[in-house]
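Engineer: Before anything else, here's the structure in question.
The values are calculated or read from the model by the stated rules, or taken from the named source; none is laboratory data. In this text, all values refer to a predicted model and were calculated from it rather than measured experimentally. Note that each Cβ is placed from the backbone with ideal geometry, even for glycine, and that neighbours are counted across all protein chains shown. SASA here: full protein model, heavy atoms, side chains in, ligands and nucleic acids out. Shrake-Rupley method; radii C 1.70, N 1.55, O 1.52, S 1.80 Å.
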Amino acid sequence: MKVDELRSKYIEFFKCKDHVQIQGKSLFPDNDPTVLFTTAGMHPLVPYLLGEAHPEGRRLTDYQKCIRTGDIDAVGDPGHLTFFEMLGNWSLGDYFKEEAIAMSFEFLTAPQWLGLPLEKIGVTVFEGDAAVPRDEESAAIWKRLGIPADRISFRPRADNWWGPAGLSGPCGPDTEMFIDMGQNPCGPNCAPGCSCGKWLEIWNDVFMQYNKTPDGVYEPLARKCVDTGMGIERTVTILNGKKSVYDTEVFEPIIRGIEAISGACRYGEDPEKDRSLRIIADHIRAGTFILGDPKAVSPSNGGAGYVLRRLIRRAVRHGRKLGVSGTLLSPIARIIIAQMQGAYPELTENASRILIDLDQEERKFMETLQKGEQEFEKLLPNLLKDPGKIISGRLAFKLYDTYGFPIELTEELAMEQGMTVNRLEFEEAFKKHQDLSRAGSEQLFKGGLADQGERSVKYHTATHLLHKALRMVLGDHAAQKGSNITADRMRFDFSHPAPMTEEEINLVQAIVNEQIQRDLPVSLEIMSLEDAKAAGAIALFGEKYESQVKVYSIGDFSKEVCGGPHVERTGDLGIFSIQKEQSSSAGIRRIRAVLK
Ligand code: SER
């Protein structure tokens, strides 16, 4: 069965069960400042799972593009993907366990749907803990439907609990469906859910009963919901009797394309090269979808743009390992666009941006790589003499600083030689460099607020919220370079290499306003600078700190070494509104904002 057919069958099945098909959404979530990408089909539905009425009703179905980057370094294994598609059906306070499981079972086993043999299916259910009881109900439903007890495995929260998609939101116990891949069990305890490779998870029914708040509290949801997610790539793998997603029609044309560009390399001949082929295929697919999204970001040094940059760079580097000498990314992206445009017309609409951005970033990085790799080769004989096989952080920093060679790649090169990099030392060198460049830059910032009028004090507190929000959205490189406050407005300068996108600006503004709405208390402690830094406080450039410093904390949100004064609670600030984002000087952006 082809991917297109699987998508339509799923949607058709759930339409027959009175669900309405809704549109999948952007890869960049609207309602969740805690993550960079849409990580699951349910992500865009969070407000509705929390209780808001959905205009299309209480039974919904769709397919959704998703990105998970948590384990970017694991990509390359036969089963891991950064970009994937998820099919889903939702009950918003409508059906619950009984009907959800019965529908999953019917779709999996009925001959006119997927027609999977019953004896290949195994499931897991939640074994219960102090907070939520063992899910005997789901187990009983599966048994009634014909799954024997030895293929119903009770598992702990680490395995059978889903969500939230970001740091807070709806979540609950789940029951997961697995397919027996046919190999022998790894031992007497091998059962559905075992990670040895015998069981491949394809679908997950989550019984959404809780909302995890930003403070980590699980509040029962007023209305119980069901959220299910079926991984398209994995399901197509098993439906076609393949062992890996990379052997399916999803990846075949992409891998053929990479082989052709590389010249001699063939998938299936050399495990090391296969890994590179998989990494390239996965990363270009993810990059194509990031750039093809209506809310796309370009490669940059912060947030989603940095993830994109890493994906592109990793693909380029593995291309070189396969002997690719020219550009690889845009020709492969063209294959992906052609393959996926039916289900995702936005790829055609944004094709030129996809191809241009990939190509530019690839060329830029190839130059960097060439210089860095030559340098690394030169150093290698000496490096290999180190008895502990450790590359010093100072050297890794030099490669970064002089050749723009990312630390992740130095680590990869090191790994190939059986060496490791002293990451801690690298971080220290990096930090020292940042401090130095801060000290050398224009020192507009004053440790305390000169004008201590009520309005200015409010703006001063807003400055801390803005600083933290910028770091969350753009990355830690977004450090304060200066600020200027009057009773009527604030100006804030910070390091960032590119103009902020509209989405980034909106997100930063939303995060600040969220902290204002949370009415967080502002508290002051006096401690040594060392302790302040150890406590994670942001200390600013060029400040001559006394031995004891004042540290202002805004709830759990921000902590900064600062002279003060500040308001007592963020609720006093009003509404924070960014009026303008512009360049201040090379590499420094300026935000003008007001409190209304
Ligand atoms: N949200 C669940 C998952 O991602 C089910 O859709 O697995």
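Engineer: Give the range 318-335 a look and list any residue that's open to solvent by 40 Å² or more (accessible area, probe 1.4 Å) and modelled with pLDDT of 95 or more, or say none.
Structural biologist: Those that are open to solvent by 40 Å² or more (accessible area, probe 1.4 Å) and modelled with pLDDT of 95 or more: 334, 335.
Engineer: Next question, about the same structure. Those residues that are in contact (Cβ under 8 Å) with a residue 60 or more places away in the chain, over 13 Å from residue 67 (Cβ atoms) and buried (at least 24 other Cβ atoms within 10 Å of the Cβ), I need them from the range 281-301; list them, please.
Structural biologist: Across the range 281-301, the qualifying residues are 284, 299.
Engineer: What residue, among those in the range 81-113 that are in contact with a Ser or Thr (Cβ under 8 Å, 6 or more places away or on another chain) and not in a strand (DSSP E or B), is farthest from residue 10 (Cα to Cα)?
Structural biologist: By that ranking, first place goes to 82.
Engineer: Follow-up question, since we're still on this one. Restricting to the range 141-163, name every residue that is without any contact (Cβ under 8 Å) to a residue 60 or more places away in the chain and either under 29 Å from residue 50 (Cβ atoms) or part of a strand (DSSP E or B) (or both). Don't jump to the end; show me each part of the working.
Structural biologist: Of the range 141-163, the ones without any contact (Cβ under 8 Å) to a residue 60 or more places away in the chain are 141-161.
Within the range 141-163, 141, 142, 152, 153, 154, 155, 156, 157, 158, 159, 160, 161 qualify.
Engineer: Further, regarding this structure: Go through the residues of the range 308-317 one by one and say whether even a single one is modelled with pLDDT of 95 or more, open to solvent by 40 Å² or more (accessible area, probe 1.4 Å) and either of a type in the set (Phe, Trp, Tyr) or away from the ligand (no atom under 16 Å from the Cβ) (or both).
Structural biologist: Step one: of the range 308-317, the residues modelled with pLDDT of 95 or more are none.
The answer is no; no qualifying residue exists.
Engineer: Restricting to the range 34-48, count the residues that are within 13 Å of the ligand (Cβ to nearest atom) and in a helix (DSSP H, G or I).
Structural biologist: So the count comes out to 4.
Engineer: OK, next. Having 2 or more residues that are of a type in the set (A, V, I, L, M, F, W, C) is the bar; report the helices (runs of 4 or more DSSP H) wholly within the range 265-365 that clear it.
Structural biologist: Values: elements: 271-292, 303-321, 329-340, 346-349.
Correct list: 271-292, 303-321, 329-340.
Engineer: While we're looking at this one, here's another question. Tell me, which residue of the range 146-166 that is surrounded by fewer than 17 Cβ atoms within 10 Å (Cβ to Cβ) and away from the ligand (no atom under 15 Å from the Cβ) is nearest to residue 206 (Cα to Cα)?
Structural biologist: The residue in question is 156.
Engineer: Which of (1) away from the ligand (no atom under 16 Å from the Cβ); (2) surrounded by 17 or more Cβ atoms within 10 Å (Cβ to Cβ); (3) assigned to a strand (DSSP E or B) is the odd one out, the single condition residue 219 does not satisfy?
Structural biologist: (2)
Engineer: Another one. I need a count of the residues in the range 378-407 that are part of a loop (DSSP other than H, G, I, E, B), loosely packed, with under 14 Cβ neighbours inside 10 Å and not basic (Lys, Arg).
Structural biologist: Residues of the range 378-407 that are part of a loop (DSSP other than H, G, I, E, B), as a first pass: 384-389, 392, 404-406.
Among the residues that remain, those that are also loosely packed, with under 14 Cβ neighbours inside 10 Å are: 384-389.
After this cut, where a residue has to be not basic (Lys, Arg) as well, the list is 384, 386-388.
The number of residues fulfilling the criteria is 4.
For every residue, the table says whether it meets (1) within 15 Å of the ligand (Cβ to nearest atom); (2) without any contact (Cβ under 8 Å) to a residue 24 or more places away in the chain; (3) touching a strand residue (DSSP E or B) at 6+ places or on another chain (Cβ under 6 Å); (4) under 16 Å from residue 107 (Cβ atoms).
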position	(1), (2), (3), (4)
10	yes, no, yes, yes
16	no, yes, no, yes
21	no, no, yes, yes
32	yes, no, no, no
57	no, no, yes, no
67	yes, no, yes, no
83	yes, no, yes, no
